[in-house]
1. Which distance in nm do the two modelled labels at Ser98 and Ser49 give, with both placed 7 Å along the Cα-to-Cβ direction?
2. In nm, give the distance between the simple-model label positions of Ile186 and Ile129, each being 7 Å from the Cα along the Cα-to-Cβ direction.
3. Modelling each spin label as a point 7 Å along the Cα-to-Cβ direction, I'd like the Ser175/Lys196 distance in nm, to one decimal.
4. Listing Ser208, Ser59, Ser44 from the residue with the fewest other Cβ atoms within 10 Å to the one with the most, what is the order?
5. Anything over 22 Å Cα to Cα? Flag those among Lys22/Lys68; Lys21/Lys103; Lys22/Lys107, in the order listed.
6. Starting with the fewest neighbours, write out Cys118, Cys155 ranked by other beta-carbon atoms found within 10 Å of each beta-carbon.
7. Between Asn168 and Lys39, what FRET efficiency follows from the Cβ-Cβ distance if R0 is 30 Å, with the result rounded to 0.05?
8. Within a 10 angstrom radius of the beta carbon, how do Ser195, Ser98 rank from fewest other beta carbons to most?
Amino acid sequence: MLELKLLLKGQILTEEFNVGKKIKFLRKEKKMNAKELAKDAGISYGMLSLLESGSTQGSVETLRKIAKVLGVTIAHLFTNSEDSDLATRPKDLDNETSYVVRKDQRKKISFPDPQYTCELLVPDLQGDIEFLQVNMEPNRITEHLIPHTKGGEECDYVVEGEIVVTLNEKEFALSQGDCIRFNPEIPHKIENRSSKKASYLSVITPVSF
């Protein structure tokens, strides 16, 4: 199961979300049966059943496919149903956390891949812009080229170390201070092939999670 972790005063407070339960809720809300959702998302019925029952953790790409069919973002899968209109609610100007993200209060998005973590640099994923700091351990290699976010743009700025961005078959080696912009619909992957840690700032619109 994916976890959203909140770093607060040096301690990690972990809140687990029942993503499978939320997927099942949204599927029934759209009056779809499990076989229809699995077929439209391009995954097996067995995988969807395991995911909805909480017996397995879906990969980010699997969740992205399901979210696309359900007409929501991945972030929406991690909210309670009553929070679906969060982005349209007026925000209290006196509530700093609606606007400001302090360094020691960043939310972390953890993945099954322990070599890859994201720190959220915006208060939430309910807006139109996704702003992240992505941290990669040394020798973080992946074979998969993955498209995401229909339309829009992605811009990545290297803060530390070196990364290799592959767009289709074209590779771009980037070092600290370098930046790249591309259409995230293009199948792509970002790797750290070096022996040192790497991190980069990523701005994506519209939100891909």
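Read-outs throughout are calculated quantities, based only on the coordinates presented, and are distinct from any laboratory measurement. Here the structure is a predicted model, which is why all the values come from computation and not from measurement. Don't worry about glycine lacking a Cβ; one is built from the backbone with ideal geometry, like all the others, and counts go over all protein chains shown.
1. Between Ser98 and Ser49, the label points sit 4.6 nm apart.
2. A separation of 2.2 nm, rounded to one decimal place.
3. According to this spin-label approximation, the distance is 1.0 nm.
4. Ser44, Ser59, Ser208
5. Flagged as over cut-off: Lys21/Lys103.
6. Cys155, Cys118
7. 0.65
8. Ascending number of Cβ neighbours within 10 Å: Ser195, Ser98.
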